[in-house]
Amino acid sequence: MTEITYDFDTPIDRRHTASLKWDRYKDPDVLPMWVADMDFKSPPAVIQALHERVDHGIFGYSRPPASLVESTLYMLKERYQWDVRPEWLVWLPGLVTGLNVCCRAVGQPGDNIMTAVPVYPPFLTAPAFHRRSLTTVPLQEGEEGWHLDFNRMEKAITPKTRLFILCNPHNPVGRVFTKDELNQLVFFCEKHDLVICSDEIHCDLILDTAKTHFPTAMLDAAAHRTITLMAPSKTYNIAGLGCSFAIIPDGSLRKRFKLAKAGIVPDVNILAFVAADAALQYGEPWRLALIDYLRKNRNTVIRAIRDISGLTIKSIEATYLAWIDTRPAGIENPARFFEKAGVGLNDGKEFDGPGFVRLNFGCPKATLDIGLSKIADAMASI
Ligand SMILES: Cc1ncc(COP(=O)(O)O)c(C=O)c1O
């Protein structure tokens, strides 16, 4: 059998394509390495399925295709040994939508929501949109990686805390939480009767060969109190199309979730369904090749950053995001500093991680090398 190869190496011009990432900086010398989408074309099967659907020419209201439901359940079983029933799925036009619906569905206005920081910024903004307060607990910084700090979580819990929002694999620190850590978290949530919203959008991009993703809801004690959020969007680079889903095994929690989204959350659009379906049915060889490529990019990033005086980085177990610590260099506004040096990075402050920047290495190696050398030059100039 001939092995199919995919081209992740050739840079593709994304400027002036209405791209959030590439149209942000007016200065063409700033290389955008911020928001989490990749500079690779989606799998050929996805592009072909979209062509065919566009050629049909009619774009009326949509329903989740039966083949997508089937391929989603098959994927969950194959990758995670998780037996999910079709009625547990709730389709969503975005995962951030799902996060917000969770905040609305659990408890009442005036209640409290807990999360561990640094974290993906919408975790920090969603509670207030639904008149809930937010308690943030810093992740514990170990030699190699970051950990949930259960002592601090115990101290920070309030009688009004109803929901814990988890990011696993974790954006931005790149951890894949172990089954033991998740067991401890579920124990904590049981003790305080919290619902868990588990954002697992990055679960199909595990780079560390010693790690596997374990969905929190697969723990017996967690199933009835967990809303899992997943999507093919990060994995197959179809985030701009908008197709995500919640998995909610518990009937009454699912009812509350559906009620909270009723009338305000639109259905998923037809092209998003088609792309997701093709990605899950035919995209597996592409996904495996992508992980291989991202793993090499990750190694390049870690080597380069550790060679630069004033910057440090811990291991990255998953995602295409690198969480770079600039604190040893004492730079006042690191994101602005690097932008002036020609690299557009996310500002750690937005993640409740001041002193850090986040770099997206989901790009051709040649692009990554340019970004890393700009970072090295900027640091050498201090
Ligand atoms: C942890 C996490 N959740 C959600 C999202 C965004 O999901 P969506 O674009 O489907 O709203 C991202 C995107 O970077 C993310 O990293």
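The values are calculated or read from the model by the stated rules, or taken from the named source; none is laboratory data. What you are looking at is a predicted structure, and each value in this text was computed from that prediction instead of being measured. Cβ: placed from backbone, ideal geometry, glycine included. Neighbour counts: every protein chain shown. In case anyone asks, the SASA skips ligands and DNA or RNA and just uses the protein heavy atoms, side chains included. Shrake-Rupley method; radii C 1.70, N 1.55, O 1.52, S 1.80 Å.
Some values worked out for this structure:
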item: Qualifying residues in segment 216-252 (those that are open to solvent by 10 Å² or more (accessible area, probe 1.4 Å) and of a type in the set (A, V, I, L, M)) - the one farthest from the ligand (Cβ to nearest atom); result: ALA221
item: Residues that are at negative phi, assigned to a loop (DSSP other than H, G, I, E, B) and more than 16 Å from the ligand (Cβ to nearest atom), drawn from segment 253-265; result: ALA262
item: In segment 174-192, the residues that are part of a loop (DSSP other than H, G, I, E, B) and away from the ligand (no atom under 16 Å from the Cβ); result: THR178, HIS192
item: Residues satisfying the stated conditions in segment 178-203, i.e. closer than 20 Å to ALA246 by Cα and either among the aromatic types (Phe, Trp, Tyr) or open to solvent by 10 Å² or more (accessible area, probe 1.4 Å) (or both); result: VAL195, ILE201
item: Matching residues in segment 303-326 - criterion: being surrounded by 16 or more Cβ atoms within 10 Å (Cβ to Cβ) and part of a helix (DSSP H, G or I); result: ALA304, ILE305
item: Qualifying residue in segment 193-201 (condition: in a loop (DSSP other than H, G, I, E, B), closer than 21 Å to LEU95 by Cα, among the β-branched types (Val, Ile, Thr) and modelled with pLDDT of 95 or more); result: yes
item: Residue that is modelled with the lowest pLDDT, among those in segment 17-54 that are within 16 Å of the ligand (Cβ to nearest atom) and of a type in the set (Lys, Arg); result: ARG24
item: Cβ pairs under 8 Å, 6+ apart, first in segment 304-321 and among the acidic types (Asp, Glu), second open to solvent by less than 30 Å² (accessible area, probe 1.4 Å); result: GLU317/GLY145; GLU317/PRO169; GLU317/GLY174; GLU317/ARG175; GLU317/VAL176; GLU317/ILE206; GLU317/LEU207
item: Meets criteria (under 21 Å from GLY174 (Cα atoms), open to solvent by 10 Å² or more (accessible area, probe 1.4 Å) and not in a loop (DSSP other than H, G, I, E, B)) for LYS349; result: yes
